[in-house]
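**Q** I am attaching a structure below and will ask some questions about it afterwards.
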Amino acid sequence: MASAPRRTKFVLDEDRIPRAWYNVVSDLLAKGIAPAPPLHPGTGQPIGPADLAPIFPMALIMQEVSTDREIEIPDPIREIYQLWRPSPVFRAHRLERELDTPAHIYYKYEGVSAGGSHKPNTAVPQAWFNKQEGVKRLTTETGAGQWGSSLALAGAFFGLEVKVYQVRASYDQKPYRRMLMETYGASVVPSPSDTTEYGRRVLKEMPNTPGSLGIAITEAVEDAVGRDDTKYSLGSVLNHVLLHQTVIGLEAIEQMAMAGEEPDVVIGCVGGGSNFAGMAFPWVGRMLRGEGKYRVVAVEPEAAPSLTKGVYAYDFGDTGMMTPLVKMYTLGSQFIPEPIHAGGLRYHGMAPLVSLLKEHNLIEARSVHQRGCFEAGVQFARTEGILPAPESTHAIRAAVDEALEAKERGESRVILFNLSGHGHFDLVSYEKYMHGSLEDFEYPAERVTEALASLPKVG
Ligand SMILES: *Cc1c(COP(=O)(O)O)cnc(C)c1O
């Protein structure tokens, strides 16, 4: 029997950029699984679209609550997507050989975007829908700076002013991301900052805090609520953000068909859950519709293990307790994760939709230590050539472990993971790893117990 020719890249034409985003809520509802409504932090009652209007434009709010299966992608957004989409899927032949595994490893590479990660997939539509409604200025938080640079880029495309609150630990560790944001025209302050009331309060209580995404979100929301021309933009967690990312999985389904294989396991790293959801939800949709069976695995850091060690409860999305309450896996909104190098994964909660899938056992979760992740990241760089973002190395760690397990059991396995971004701005972290000065943080059980004690009593 003639074997199929070896293929390494699976590339789609620009006209294969999806015409609609995929909303998993529709297929969940068909199975009788309903998302829990967000609640007003004051009254504990479900909130409506009008409650969110001071923070988000109406078009995004309607996407947030939509139950439609598909939401059309406007042409001006598809035109910008053409700058980097469809992104390639690669077969990791060289990594497979290095691991000496019978498994087939595929990865979809989102680092080809101008921002270097999946985040422009949602930054562009968010900026565009804001612009349509006359918004002049956007505020946001950023961890490692990936989201801030993506929104800064989208702001530059549409002529919107962008103000970024960057988590202090990342602001200090990763100065080049700040310079990139400023080059795109955004203004950046370290968070906690002295430019908001909440930031000043935190600085007074904890002058040496490394900051956290939860704190930065409060500052950005406070800023947006205080000005008429300004709205707030979030890089992960929310339904509409996850929705925009589904272009990843929709393309990947076509690309795996080109490869002539179905994945046994689909993997993504999770901070707030958006790149994972973007890859996973279209595959989960196939499962819900009875069109396939996959193991879907979310990988999180041991230092912020919301899915594997948190509780499923209503909690605040931010540390200052300003946001609506959402039902999610959480470590408590007061929990500040250790300053691990995967800044994008330092979040106390998890997207409500990812949490819902976990609660219904439609996905699995595992947590990993950062040194093992960097080890896999370096192995990946030396075989496949791409230097992965520290966040993305969490997915690589899990993919490598799956491949090694397949080898041990002598079984074939098709592994697909999302390589959410490149690590070109994270070389200081790699240097620390290579010099042996990168430490692992144990799961801080006591601090989590303390943080969970202040969960709001609702729901
Ligand atoms: C922000 C980021 C993440 C984590 O955020 P999610 O919303 O969970 O995807 C992961 N990888 C990269 C490269 C990022 O920039």
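None of the figures in this text is laboratory data; all of them are computed from the coordinates on show. Note that the structure is predicted; figures quoted are calculated from it, not measured. All Cβ positions, glycine included, derive from the backbone under ideal geometry; neighbour counts span all protein chains shown.
**Q** Return the FRET efficiency for the residue pair Thr43, Glu439: r is the Cβ-Cβ distance, R0 is 45 Å, and the value is rounded to the nearest 0.05.
**A** So the FRET efficiency works out to roughly 0.55.
**Q** Which ³J(HN,Hα) values in Hz, rounded to whole numbers, follow from the phi angles of the range 341-357 under the Karplus curve 6.51 cos²θ - 1.76 cosθ + 1.60, where θ = phi - 60° and Gly and Pro get x?
**A** Running phi through 6.51 cos²θ - 1.76 cosθ + 1.60 with θ = phi - 60° gives 7, 7, x, x, 9, 8, 10, 6, x, 8, 3, x, 6, 5, 4, 4, 5 Hz.
**Q** Please arrange Asp264, Asp318 by how many other C-beta atoms lie within 10 Å of their C-beta, fewest to most.
**A** Asp264, Asp318
**Q** Counting only other residues whose beta carbon sits under 15 Å from that of Thr330, what net charge do I get with K and R as +1, D and E as -1?
**A** So the surrounding residues net to +1.
**Q** Any chance you could run the full-extension gain for Ala50 through Lys136? It's 0.36 nm times the residue separation minus the Cα-Cα distance, nm to one decimal.
**A** Length difference between fully extended and current span is 29.0 nm.
**Q** Please report Arg371, Arg286, Arg409 as a ranked list, fewest other C-beta atoms within 10 angstrom at the top and most at the bottom.
**A** Arg409, Arg371, Arg286
**Q** Continuing with this model, one more query. Given the C-alpha centroids of the range 381-448 and the range 341-359, what is the distance between them in whole angstrom?
**A** 17 Å
**Q** Helix 213-225 versus the longest principal axis of the chain: what angle, 0 to 90°, nearest 10, using Cα atoms?
**A** Taking Cα atoms only, the helix is inclined about 50 degrees.
**Q** A follow-up question, please. If one computes the Cα centroid of the range 192-220 and of the range 146-173, what distance in Å separates the two points?
**A** With the range 192-220 and the range 146-173 each reduced to a Cα centre, they are spaced 17 Å.
**Q** Another question, if that's okay. Tell me the net charge near Ala381. Cut-off is 12 Å between Cβ atoms, Ala381 excluded, with +1 for each Lys or Arg and -1 for each Asp or Glu.
**A** Counting the neighbours of Ala381, the net charge comes to -2.
**Q** Kindly express, to the nearest 10 degrees and within the range 0 to 90, the angle between helix 120-132's C-alpha long axis and the longest C-alpha principal axis of the chain.
**A** Helix 120-132 and the main axis of the chain meet at about 40 degrees.
**Q** Which of His348, His104 has the fewest other C-beta atoms within 10 Å, and how do the rest follow up to the most?
**A** Placing the least packed residue first, the sequence is His104, His348.
**Q** Less than 17 Å apart at the alpha-carbon level, and either on another chain or at least 8 residues along: which aspartates and glutamates does that give for Lys131?
**A** Asp75, Glu79, Glu161, Asp228, Asp229
**Q** Something else: Between Val270 and residues 5 or more places away or on another chain, which pairs have amide H atoms under 5 Å apart, with H built 1.01 Å from N, and which residues are they?
**A** HN-HN under 5 Å from Val270: Val299, Glu300.
**Q** Below 19 Å, Cα to Cα, which lysines can Lys31 reach? Residues fewer than 8 away in the same chain don't count.
**A** Straight-line reach from Lys31, under 19 Å: Lys293, Lys358.
**Q** If packing is taken as the average count of other Cβ atoms within 10 Å, what order do 62-75, 188-201, 390-403 fall into, highest mean first?
**A** Top of the packing list down: 390-403, 188-201, 62-75.
**Q** I need the phi-derived Karplus couplings for the range 83-98: 6.51 cos²θ - 1.76 cosθ + 1.60, θ = phi - 60°, integer Hz, Gly and Pro marked x.
**A** Taking θ as phi minus 60°, the curve returns 5, 9, 9, x, 7, x, 9, 10, 8, 7, 4, 6, 5, 4, 5, 4 Hz for the range 83-98.
**Q** What is the extension gain from Arg227 to Phe158, computed as 0.36 nm multiplied by their sequence separation minus the C-alpha to C-alpha distance, in nm to one decimal?
**A** 22.9 nm
**Q** List the residues whose amide H sits under 5 Å from the amide H of Ile47, counting only those 5 or more places along or on another chain, with H placed 1.01 Å from N in the peptide plane.
**A** Answer set, sorted by chain and number: Leu39, His40.
**Q** Which of the three applies to the chain, rounded, prolate or oblate, going by the alpha-carbon gyration tensor with a ≥ b ≥ c and a/c under 1.5 meaning rounded?
**A** Judged from the Cα gyration tensor, the chain comes out rounded (a/c under 1.5).
**Q** Using only Cα atoms, tell me the angle between helix 247-259 and the longest principal axis of the chain; keep it within 0 to 90° and round to the nearest 10.
**A** For 247-259 against the chain, the angle is about 0 degrees.
**Q** What ranking, highest mean first, results for peptides 241-254, 21-34 when packing means the other Cβ atoms within 10 Å averaged over each residue? Can you show the working numbers first?
**A** Details: 241-254: 25.4, 21-34: 18.1.
Order by mean packing, descending: 241-254, 21-34.
**Q** Any chance you could check the Cα centroid distance between the range 259-331 and the range 116-133 for me, in angstrom?
**A** Taking the Cα centre of the range 116-133 as reference, the centre of the range 259-331 is 21 Å away.
**Q** Mind ordering 435-445, 298-308 by average Cβ neighbours within 10 Å, highest first? Intermediate values should be presented prior to the final figure.
**A** Working: 435-445: 12.7, 298-308: 26.5.
Result, highest mean first: 298-308, 435-445.
**Q** What residues qualify as long-range amide H neighbours of Ala20, i.e. H under 5 Å apart, gap of 5 or more or another chain, H built at 1.01 Å from N?
**A** Those qualifying (amide H under 5 Å, at least 5 residues apart or on another chain) are Ile73.
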